[in-house]
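Inspection log for the structure reproduced underneath, given as structure tokens.
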Amino acid sequence: MSDTGKSTSGPPGAPPADAPTKTYDASCHCGAFKYSVTASPPLDDPNAALVECNCSICVSNGYLLIYVPNERIVFSNGSIEQFKKPTFTEQALPQLIQTMSPSLSTPNTSPTPTSPGRWIITEFGKPSVLRWEAFDPMAALSAGGVLIRILVAGIAGVDNIQRVGGYPHPLAKEPGFTPGYDLVGEIIALGDAVPKGRELNIGDRVAALSIFGAHASHIVLPHEEVMKLQHEDDLLKTCALPLNYMTSWGLLKHSGVDLPPGSAILIGSVSGGLGTAMAQLIKAFDMGIKMFGTCSPSKFDYVRSLGVEPLDRNSPNLVEQIHALTDGKGVDVAYDGVGSEKSVQDFLAATKQDVGKVVVFGVMGGIAADGSKMLANVDDLLEAILQPPRVSFWALDIEYPKKKEVAEFFTVVKKVREGKLNPVIAKLMRLSEAIEAHELLIHGSAIKGKMLFVVDEELAKTHGI
Ligand SMILES: NC(=O)c1ccc[n+]([C@@H]2O[C@H](COP(=O)([O-])OP(=O)(O)OC[C@H]3O[C@@H](n4cnc5c(N)ncnc54)[C@H](OP(=O)(O)O)[C@@H]3O)[C@@H](O)[C@H]2O)c1
């Protein structure tokens, strides 16, 4: 990077004594810092070394940057030392980027809400246990960490189980954590020890499977856990992928079942985020699998639109219906997200005699109907229903973003980029509507695909919410 046209690397040194100069008045985004900057040559000089940064903030706002040494900045309000120590108060976040590369630009990071914050599950129970709290995300930035401004965050059935205290993870044993399993966001700061080889830069867009913490304005994640996106990637469609589509991919490819073309499956809770993802992946990757799915009758048309033959999830004749639809044979594999003794019994009876398999992927039936608590311990629930090798449980490897399986994530992303996979977005919500989102998860009746929080203000406006 050069500024004067004479230096070719790094920020500039002092200009020659006879070089033309011009002094400009400037301020930071919120106006708390006021200063003058002496540029040489002046900004309108053809030799002025204006830098075109390719980060999304600068591109979308049309900013050009100029680097100047500290001695050519004179503060009338504040000092250079204070300027380098931003705090995340009401309006201070936008200063962060300026502090890293002092310039005459005024970045607009458009956070929503303007003050960094996150939802907290204060105690296990109904959605009213959720509380919004302010926090300082910069304080959590470790040497190997990446500070992300969240643009879009996923809403999923797993949020429901986390809120009632049934999620089997050491960090979810006690309340006090932030839910939010997946996200797409923009890097706004990098820890000192993030390796250059990761090729992560401020302004890059990334996807992540955070497991916790995405229902917030910002999150800090270890650099190994972020998956770098292209700037053109569709933010909403891509945010649907890390949890739902990768779980469904794993259920089809890695859960110990064999599904050659011509196989038949029963997808439990097919109208939800996960079930929709499974049906769409089967179509997008031309797997040639015949699909049946259980759902509420009000969603039959939606489920048919996914290429799935719908069946009433509460029908007393579910097993008979499946056999009638499969020439009396039953399906090869049935995927069950309810995880009750009844659901497993029915799903097993709906598979091929002696060889058909049930893969349990959730225990929605173990959550009280009013969303207030777990009815039993998840380990006990699973112990009561699993019957290896025919009835097994499978869960997404939450470490996949760090492993070779991350390639599978990008295989799915590629289908979206090619327009061959169009993730169904059930509903877009503001982050401020977290309590309403959890209510929808409890009742399930409105869910047809993946629900998302649009955290970024500009994006939310673009989508009319
Ligand atoms: N194993 C894993 O790695 C993994 C990963 C992600 C999620 N999960 C689990 O998968 C399940 C589904 O997640 P999701 O994100 O797809 O959820 P979702 O988007 O909330 O959809 C769930 C769907 O299931 C139905 N439903 C809701 N409550 C139910 C109940 N008590 N009994 C029967 N059906 C019910 C509803 O549709 P209808 O009314 O149309 O039936 C609803 O649309 C959750 O249990 C979640 O924890 C597991």
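Coordinate-derived values only; no laboratory data. As the structure is a computational prediction, the values presented were derived from the model and not from experiment. Cβ coordinates were reconstructed from backbone atoms using ideal geometry, including for glycine residues, and neighbour counts include every protein chain displayed.
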### Task
Take the alpha carbon gyration tensor of segment 245-393, find the square roots of its eigenvalues, order them as a ≥ b ≥ c, and report rounded if a/c is under 1.5; if not, report prolate when a/b exceeds b/c, else oblate.
rounded
### Query
When you count, for each residue, the other Cβ atoms within 10 Å and take the mean per peptide, how do 320-331, 425-436, 336-347, 449-460 rank with the highest first?
449-460, 336-347, 425-436, 320-331
### Query
If packing is taken as the mean number of other Cβ atoms within 10 Å per residue, what is the order of 404-412, 249-257, 360-368, 382-390, highest first?
360-368, 249-257, 404-412, 382-390
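Based on other C-beta atoms within 10 Å, arrange I120, I155 from fewest to most.
If I rank by nearby Cβ atoms, fewest first, I get I120, I155.
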### Task
Sequence neighbours fewer than 8 away in the same chain don't count; with that in mind, list the lysines whose C-alpha is under 22 Å from K34.
K22, K84, K85
### Summary
Mean separation of Cα contacts under 8 Å (at least 6 apart) over the residue count of segment 420-460, i.e. the relative contact order in percent, is 54
## Note on the structure
Percent antiparallel among DSSP beta bridges confined to segment 172-328, rounded to 5, stands at 50
### Task
Estimate the FRET efficiency between Q387 and L64 by the formula 1/(1 + (r/R0)^6), using the beta-carbon distance for r and 45 Å for R0, to the nearest 0.05.
0.10
### Query
aspartates and glutamates near K196 by alpha-carbon distance under 15 Å, same-chain residues fewer than 8 away left out - which ones?
D204, E224
### Task
Please sort by residue number the trypsin sites (Lys or Arg not before Pro) in segment 133-222 whose DSSP state is loop and whose Cβ has at most 14 other Cβ atoms within 10 Å.
K173
### Query
Simple spin-label model, 7 Å along Cα-to-Cβ: K283 to A407 in nm?
2.9
#### Entry: Exceeding the 20 Å Cα-Cα cut-off - candidates K228/K402; K253/K414; K126/K448
K126/K448
### Summary
Expected vector for segment 157-163, Karplus 3J(HN,Hα) from phi with 6.51, -1.76, 1.60 and θ = phi - 60°, integer Hz, x for Gly and Pro, equals x, 5, 4, 5, 6, 5, 5
### Message
How high is the relative contact order of segment 245-393? Use alpha-carbon pairs under 8 Å, at least six apart in sequence, and give a whole percent.
### Response
19
### Query
In whole Å, how far is the Cα centre of segment 388-449 from that of segment 136-162?
16
